[in-house]
Amino acid sequence: MAAVDDLQFEEFGNAATSLTANPDATTVNIEDPGETPKHQPGSPRGSGREEDDELLGNDDSDKTELLAGQKKSSPFWTFEYYQTFFDVDTYQVFDRIKGSLLPIPGKNFVRLYIRSNPDLYGPFWICATLVFAIAISGNLSNFLIHLGEKTYRYVPEFRKVSIAATIIYAYAWLVPLALWGFLMWRNSKVMNIVSYSFLEIVCVYGYSLFIYIPTAILWIIPQKAVRWILVMIALGISGSVLAMTFWPAVREDNRRVALATIVTIVLLHMLLSVGCLAYFFDAPEMDHLPTTTATPNQTIAAAKSS
């Protein structure tokens with residue numbers, strides 16, 4: 001039977017003192033639930049994976065693809081579906097406008113600015129602004145050309161607004177639609193690396209037209225040489241954006257087909273710019289020259305002489 005002294009409780013002192021007295025003893029540390037455990041220096045933190053994700057952009061790419069999938073999840077007959085096409089902030093619009101004005105050789109405009117979030121807000125308002133810029137500048141140019149002529153009477157031509165709107169919006173929608181159908185047809189025949197959606201193509205064409213807004217305003221200058229220099233500069237900037245964007249989509253195709261596609265894109269763009277300059281600014285305005293009407297005395301004199 002155990003002695004009475006063996007059944008008595010003993011008071012333990014500091015754990016460090018106990019460990020000093022008995023090195024083989026083990027202790028259990030019960031921490032406060034509100035106290036956070038200290039980081040052990042030897043534990044891995046996964047810094048290598050974080051650095052890889054930061055360099056490769058895996059985390060951001062996954063989030064972008066997830067958000068893009070969420071944006072397109074609404075049915076097409078709902079307002080929310082079309083609202084996503086205008087979900088863009090001012091910084092993104094200005095950044096894409098800057099990219100269309102300063103094309104970088106070797107850089108794809110779609111992958112660099114549009115692929116994460118293609119929009120219709122920028123293209124719509126760029127086309128609308130260009131329509132009014134061409135129509136108003138064309139009327140002012142006509143007024144300045146005939147300024148000082150006694151036989152000229154200025155009458156605003158509001159029909160130029162509707163004509164300019166038809167030309168600009170038809171170009172900004174029908175040409176991308178035809179190009180998208182052509183690329184889809186060629187991709188079904190030839191394995192291609194780059195493929196664009198219809199919304200991305202419309203976005204590229206819309207932002208490429210921004211350079212023509214200041215150009216149309218400067219076309220008011222009544223000098224044909226200055227106008228043609230301006231149109232060549234605008235055509236070079238916007239045409240290079242289109243060529244560098246769509247060349248990766250066709251370069252894996254047949255060489256002749258690829259070159260013919262790029263040449264057709266540039267020629268249509270040239271036709272738009274030259275046509276707008278020739279019709280709205282260089283066309284002679286003879287409709288507003290007042291016709292001379294014979295007075296009654298002149299009519300009687302002409303009858304007597306006959």
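The values are calculated or read from the model by the stated rules, or taken from the named source; none is laboratory data. Keep in mind the model is a prediction, meaning the values are calculated, not measured. Glycine also receives a Cβ, built like all others from the backbone with ideal geometry; neighbour counts cover every protein chain displayed. Each accessible area value is taken on the protein alone, full model and side chains, heavy atoms only, with ligands, DNA and RNA left out. Shrake-Rupley method; radii C 1.70, N 1.55, O 1.52, S 1.80 Å.
Exactly one residue out of Ser162, Ser188, Ser208 is crowded, with 18+ Cβ neighbours inside 10 Å and hydroxyl-bearing (Ser, Thr, Tyr): that is Ser208. Of everything in the stretch 83-109 that is of a type in the set (Val, Ile, Thr) and closer than 18 Å to Ile211 by Cβ, the residue that is most open to solvent (accessible area, probe 1.4 Å) is Ile104. On the basis of being under 22 Å from the mean Cα position of the chain (by Cα), buried (at least 16 other Cβ atoms within 10 Å of the Cβ) and farther than 19 Å from Gly122 by Cβ, does Ile167 make the cut? Yes. Pairing each residue of the stretch 80-109 that is at positive phi and of a type outside the set (A, V, I, L, M, F, W, C) with any residue that is part of a helix (DSSP H, G or I) and open to solvent by 90 Å² or more (accessible area, probe 1.4 Å), provided the two are 6+ apart or on different chains, yields no C-beta distance under 6 Å.
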